[in-house]
Amino acid sequence: MADFKLKIRRFDPESGEPAYWGDFDVDLPPERSVLDGILQVKDREDASIGIRCSCRAAICGSCGVRINGKSALACNTRIGEAAERARDGAITIEPMGNMPVVKDLITDMEAVHWKKVRRVVPWLLPAEEPPEHSEYIVPAEAMLDVTQAMACIHCGVCVSACLSMEVDPHFIGPAALAKAYRFVGDPRDGAEEERLKDLAEDPHGIYDCTHCFACVEVCPKDVAPMNQIMRLRRRATGDHGIKDDNNGYGHEKAFVNLIEKYGTLHEAQLLPRSFGDGSLVKGQIEPGAVKQLIESLPTALRGLKSGKVTPKKALLHPKLPDQDQVRRVFSEVESKDDRVELNLYIVGESGGEEAEA
Amino acid sequence: MPQHDVLVIGAGLAGQRAALAAAEGGASVGIISKVHPVRSHSNAAQGGINAALNPEDTWESHAFDTIKGSDYLGDQDAIEIMCREAPEELLELEHWGVTFHRNEEGRLGTRAFGGASAARTYYVADITGQAILHVLYEQLMRHEEVYRYEEWFTTALVQDEEGRIAGAVTRNMRDGSMELFSARAVILATGGNGQIYDPTTNALICTGDGIAMAYRIGAPLMDMEMIQYHPTTLAGLGLLITEGARGEGAHLYNAQGERFMEKYAPNKMELASRDVVSRAEQTEINEGRGFPDGTVALDITVVPRKRIHEALREIVNVGRDFAGVDITQEPIHIKPGNHYTMGGVRTDVNGQTPIPGLYAAGECACVSVHGGNRLGANSLLDTLVFGRRSGAHAAQAIKGLPVPEPARASVGAEQEVIDAIVSRDRTGRRVSEIKAELGQVMDRYVAVFRDEQGLNTALETVRRLQEEAQTVAVDDKGSVFNQDVLGALELQFMLDNAEAIVIGAIERKESRGAQYRTDFPDRNDDEWLKHINISANGEGPEVSYSEVTLTQWEPEERKY
Ligand SMILES: Cc1cc2nc3c(=O)[nH]c(=O)nc-3n(C[C@H](O)[C@H](O)[C@H](O)COP(=O)(O)OP(=O)(O)OC[C@H]3O[C@@H](n4cnc5c(N)ncnc54)[C@H](O)[C@@H]3O)c2cc1C
Ligand code: SF4
Ligand code: SF4
Ligand code: FES
């Protein structure tokens, strides 16, 4: 058992008062979760603290909050580790960002997240009538591939952390775009091209993402939304030759070339390269977004440096050992007829097994 | 007053499937859920869903496994329906877009599960329930005409003067307003009641609300004593390690390194029925062959690592995040823990309860397809088949019925209950204290092994807690998202469930399925091959019996 201090952001919409901090003490083993801490406060001291929670196991997606400023699920953040990162010894817990607050730690997911999910036409539009008394026959890898996006629990943690969303609240956002990939990548869906066109041409669509990595870093289910967005872009440009108005295409190309070359994403080079194509000056990118691009560097670099987010993890195989492999993966992926994007459900591809040992 | 032909309460798999079927049947539909639908507990189902879809497999084999698993307490007509309809149900999900695992030919692939004589469990990595729930929600969003009431909490069912169901009283959690819903048919799909136990694999929302609401208006509850303890839960927190782990080949060991299932189920070993494996583990633990933390070990390292990542990723995460164990490297300590409610509101094969117009489906219902013990991966199937059948039946049955007249007074009565709790000053115990005591008592006396003395202690405690629950006060006095006052209502629902469970367990003087009485250690088909029904008759619970339907399978001794 250890003592921890929680500083919880309180807001009572009925009081007419602004939000304030509530201070509480809890005692729990350090490996228990921040949610367990909040529940202990509710059980023992003040049950009026509002927080959505149900599964306690990072499954239901209810308990997204910001802990010491970082978006996360309360139920899979260890309280001991949160305390180590806390600035003045008190773990701060605030509602998620980029969404209106309803009460205490409860945000209005409907007004932001679910609206955006509905924006991407979130149901299968089958290419053909389903076969009678049989399943659609589709490659096993394709199913595994979209299963990564399917693993999204719609907790909103990535939405809360997304830098583009902060600048452009109309940005469709990481989770909804990951949801879009779930259909685009699904061979049973017949509307791939329309979907991609729609998402590429929407100024708040797939090219509104600034590669800041925040969503990849915070996602509790390894959905790697940015990765899904990159896949959407690759399909839009590479497979369908869809050119949008805001130079997303050039940026995309630079991005892929860099990874192929260096096996790592060099944000510092990426920016000049994609800007170098020239067409960025006009078009949809607002000055704010450019600023944001530049501001996003520290986050991306921090993530990379801490080893928490590796480009490998974000983009390719979580345990990819070296650049040769990166190149090999690229050529392998590109040479396949049915192109398959590697993801966390697909491991141990030729040689992967030894690499892990 | 919101008015719908069919009102579905609960938006897990059963509720969403019912709503879709009712809408397809032409009814106007409303669906209510106290959490956003994708937060429903169905998302926790990792393992998979059963169907005899392979050409080599047969529905009869699936049915027999289910019946044997149920320890012959399941109704065979209902089980036949479920197993016959399973393949088409599964294909429908696939056609809607569930990303089921494929084999090399690109067809649906299976995994093995406990108590089954063929590998007939279909799955999506280890997020099967979540994947199906999210795909159903996709379909629900597509059906714009289905009205969704997300984060609305139903507090009571309402009848008309003749006793026919007429609607429900529901609180909009967002602003605290109480609404009377009018409906020609109501389908309860509110899930199980695991929260009355501590620990449990069930989420915090699994408080048996619908079971209690139906009971309060006179619907009989059936086989409530049949509470499943799952063999592999994490000590302390109660989180589940899916049966998929054993399906993929994981072994169980006691502290002496013995693979003890050899003694209890030499043929099926770790893949015997859940009641059998849980009892075996508990016996090892009780007889001193467990680890000091009251557990035995589950060794998943025997499963190839590639396969673990592909098929059991979620438990890699659970092991890492919640137990600090890398399951690909070392065994993880587990024990039996509360998991599933086999009993529930009694229904026929179309989901109809004895109350006209009231249906129940999913974990809150007792059709009964699970009898004394549910097989892994049969519950998702139950929710879908009987959810669909309820929705389809209700959509037809309401045709021509007049718009009902639910008594307006019911809203006032419910409002008063809430106002009384909110305005009360604290004199008694906190909701959390009562709930904690309930959980401990149930886990101690109404668990894997039971006896009369313990059960009587449990009943006395539950009755005392029911009294205490009448005087709870809450901290939250507001209207917006007052989760505190809803917690007080859930506590009362839970206590009603607990009372029925304990009464059923005292009543059944034999050992069958999940009910193991150390004072009556044998199954007794002569006297107890029957369902126990518990109804509220105004003064208190009343016990009666109903026949178990046998079709082509005579009860025999159960060996695994
Ligand atoms: C950890 C775990 C793993 C499992 N794995 C498997 C598996 O692999 N295979 C399998 O077949 N089964 C499995 N099960 C069992 C299965 O998941 C459940 O039995 C099934 O999902 C229950 O579905 P349901 O629709 O009946 O209820 P739920 O999904 O629990 O939904 C209940 C709904 O009712 C609503 N509700 C409740 N009370 C109220 C109220 N008062 N007002 C308004 N709404 C209300 C809730 O909001 C929710 O929407 C598992 C269970 C657990 C706990
Ligand atoms: S990578 Fe893109 S989608 Fe993800 S948080 Fe950053 S800007 Fe948002
Ligand atoms: S992508 Fe990840 S962080 Fe975003 S909503 Fe889904 S699970 Fe949550
Ligand atoms: S409580 Fe379900 S995700 Fe945290």
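The values are calculated or read from the model by the stated rules, or taken from the named source; none is laboratory data. It should be emphasised that the depicted structure is a prediction, and the values quoted were computed from it without experimental measurement. Using ideal geometry, Cβ is built from the backbone for each residue, glycine included, and neighbour counts are taken over all protein chains shown. For the accessible areas, the whole protein counts, side chains as well, though only heavy atoms, and no ligand, DNA or RNA atoms are used. Shrake-Rupley method; radii C 1.70, N 1.55, O 1.52, S 1.80 Å.
General remarks:
- Residue-averaged beta-carbon neighbours from other chains (10 angstrom radius) around A:137-149: 5
- Once all protein chains are placed together, A:TYR20 keeps about 110 Å² accessible to a 1.4 angstrom probe.
- Accessible area of A:TRP21 in the full protein assembly, 1.4 Å probe (Å², nearest 10): 90 Å²
- Accessible area, probe 1.4 Å, largest first, for residues A:ASP202, B:ASP522, A:ASP3: A:ASP3, B:ASP522, A:ASP202
- Computed E for B:ASN103/B:GLU287 - FRET, C-beta separation, R0 56 angstrom, nearest 0.05: 0.85
- Cβ neighbours within 10 Å from other chains - mean over B:466-475: 1
- Accessible area of B:LYS306 in the full protein assembly, 1.4 Å probe (Å², nearest 10): 80 Å²
- Database remark: amide H of B:ALA125 closer than 5 angstrom to the amide H of B:HIS101 (H placed geometrically; neighbours at sequence offset of 5 or more, or on other chains; Pro and chain starts carry no H).
- Stretching B:GLU162 away from B:ALA409 to a fully extended chain increases their span by 87.3 nm, per 0.36 nm per residue minus the current alpha-carbon distance.
- Partner shielding of A:105-111 amounts to 2, given as the average count of beta-carbon atoms from other chains within 10 Å of each residue beta-carbon.
- Estimated FRET transfer efficiency (B:MET178, B:ARG444; beta-carbon r; R0 41 Å; 0.05): 0.60
- Spacing of the two label points (7 Å from each Cα toward its C-beta) at B:ASN524 and A:HIS170, in nm: 7.5 nm
- Looking at the protein assembly as shown, the pairs of alpha carbons with a distance over 48 Å make up 20% of the total.
- Rounded Å value of the spacing that divides the Cα centres of segment B:247-310 and segment B:460-525: 30 Å
- Whichever aspartates and glutamates have a C-alpha closer than 15 Å to that of B:LYS306, once near sequence neighbours (fewer than 8 apart) are set aside: A:GLU141, A:GLU349, A:GLU353, A:GLU354, A:GLU356, B:ASP126, B:GLU248, B:GLU314, B:ASP326
- DSSP beta bridge pairing in the protein assembly as shown, given as percent antiparallel to the nearest 5: 70 percent
- Over chain B - Rg/Rh using Cα atoms and the Kirkwood inverse-distance radius: 0.95
- Residue order for A:SER164, B:SER28 - accessible surface, 1.4 angstrom probe, largest first: B:SER28, A:SER164
- Beta bridge orientation in chain B: antiparallel %, DSSP, nearest 5: 70 percent
- Exposure rank, largest accessible area first [B:LYS559, A:LYS7, A:LYS179, A:LYS70; 1.4 Å]: B:LYS559, A:LYS70, A:LYS7, A:LYS179
- Separation of segment A:188-233 from segment B:112-149 is 24 Å, based on Cα centroids.
- Here the gap between B:LEU550 and B:GLN470, fully extended at 0.36 nm per residue and compared with their Cα-Cα distance, gives a gain of 24.5 nm.
- Distance in nm between pseudo-label sites at B:GLU262 and B:GLU452 (7 Å out along the Cβ direction from Cα): 4.0 nm
- Segment A:135-206 shape via C-alpha gyration tensor axes, a/c threshold 1.5: oblate
- Separation of the alpha carbons by more than 27 angstrom is noted, of A:LYS70/B:LYS477; A:LYS5/A:LYS116; A:LYS7/B:LYS477; A:LYS5/A:LYS115, for A:LYS70/B:LYS477; A:LYS5/A:LYS116; A:LYS5/A:LYS115.
- Taking all C-alpha pairs of segment A:110-245, those more than 25 Å from each other amount to 22 percent.
- With 10 Å bins from 0: P(r) over segment A:23-64, alpha-carbon pairs, percent: 28, 54, 18
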